Amino acid sequence: MRPTNLTASDSSAKPNWRVLFLLIPYLLEFRGRVAVSLLLLIAAKVAGVAMPWLLKLIVDDLDLKNVSALTVPLLLIVTYGVLRFGSVFLGELRDAVFARVTERAMRRVGLSVFSHLHRLDLDFHLSRKTGGLARDIERGTSGISFLLRFLLFNIIPTLFELLLVAVILFQQLSVGFCVAVLVSIVAYVIFSIMVTEWRTKYVREANEQDNRSNTRAIDSLLNYETVKYFNNEVYEAREYDRHLEAWELSRLKNRLSLAALNSGQGFIIAASVTVMMVMAAQGVAQGRLTLGDFVMVNAYMLQLFVALNFLGFVYR
């Protein structure tokens, strides 16, 4: 089967979700490492979710009337520092354990593509698309590694973290805060997916123009003797610059669409955090909530949106 080149007409192609199932064999090859990585991930997430709650306790204990009795707040502050370090350390340890899985997957995918190319007919190789193929292999193997890490360590953990935060807000504050968090997260996810669907065509176009410019450069260098024989250096440079110009315009569209995505996400984050903080401030003013609750709400909202910040990137 001959792979087809992506053209402008392909830019609206729908994502093929079946590709995710192709990752399963790479995970099953190292079941032990995957299991340990997931346990480390859960421990890191629990430590991360516990930090805003601990911050609430610290703020509540630092009451002016009890400022001389710093023993409890000091212990809480030390615990907070331990949890923050533990969250980072467990995450790094998880990546170290899982590194073997991703590197092996990249190796196997690279070998599979290389073997596939050698099975193609002569006509395909006479088209001399060496540069574009090299770019595709590079992006493809890196994409497999990215999918393995972020599918396992970003999407699933974010859902787990969202559930934990919703439960904590429901128990510590009220159902209103829980609903507000869920509504803001749903709005963020829907916006990210819709805009990412729209801008994917620009990403595809930029990749295609990158392939074409690289193909032109590599093929010209591979045929160096012919170029010199016909004194075609100026023509080759002009053609290469023409491809680079198309690549530049495609990259510009990609950058502008990314700015639109980031701006929209930033607006949703700012609006959600503002609404939640207003709700918390009213609770503090009415005596239903403490100042620590106010700080906790802000910390949880920012923490959740940091985790969701990769959503558009991962989806694309």
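The values are calculated or read from the model by the stated rules, or taken from the named source; none is laboratory data. Not measured: the values here are computed from a predicted model. Cβ: placed from backbone, ideal geometry, glycine included. Neighbour counts: every protein chain shown.
If the condition is being under 22 Å from residue 309 (Cβ atoms) and hydroxyl-bearing (Ser, Thr, Tyr), then segment 153-181 contributes only 158. For first residues located in segment 28-47 and over 12 Å from residue 94 (Cα atoms), partners that are assigned to a helix (DSSP H, G or I) and among the hydroxyl-bearing types (Ser, Thr, Tyr) and lie 6+ apart or on another chain with Cβ distances below 7 Å form the pairs 47/87.
When residue 270 is tested against the conditions (1) surrounded by 15 or more Cβ atoms within 10 Å (Cβ to Cβ); (2) within 31 Å of the chain's Cα centre (by Cα), the lone failure is (1). Within segment 197-214, the residues that satisfy the criterion of being within 30 Å of residue 275 (Cβ to Cβ) and either among the acidic types (Asp, Glu) or at pLDDT 85 or above (or both) are 197, 198. The residue that is farthest from residue 307 (Cα to Cα), among those in segment 91-109 that are aliphatic (A, V, I, L, M) and over 18 Å from the mean Cα position of the chain (by Cα), is 109. Restricting segment 290-309 to residues that are outside any loop (DSSP other than H, G, I, E, B) and either among the polar types (S, T, N, Q) or in contact with a Pro (Cβ under 7 Å, 6 or more places away or on another chain) (or both), the residue that is modelled with the lowest pLDDT is 303.
Exactly one residue out of 312, 287, 264 is of a type in the set (Gly, Ala, Ser), assigned to a helix (DSSP H, G or I) and either farther than 19 Å from residue 185 by Cβ or modelled with pLDDT of 85 or more (or both), and it is 264. Number of residues in segment 169-196 that are under 17 Å from residue 278 (Cβ atoms) and among the hydroxyl-bearing types (Ser, Thr, Tyr): the value is 2.
Applying the selection to segment 188-221, what residues are farther than 30 Å from residue 158 by Cα and not aliphatic (A, V, I, L, M)? Residues satisfying the conditions are 205, 208, 209, 210, 211, 212, 213, 214, 215, 216, 219, 220. If you take the residues of segment 211-257 that are within 20 Å of residue 134 (Cβ to Cβ) and polar (S, T, N, Q), which of them is surrounded by the fewest Cβ atoms within 10 Å (Cβ to Cβ)? Here the residue is 223.
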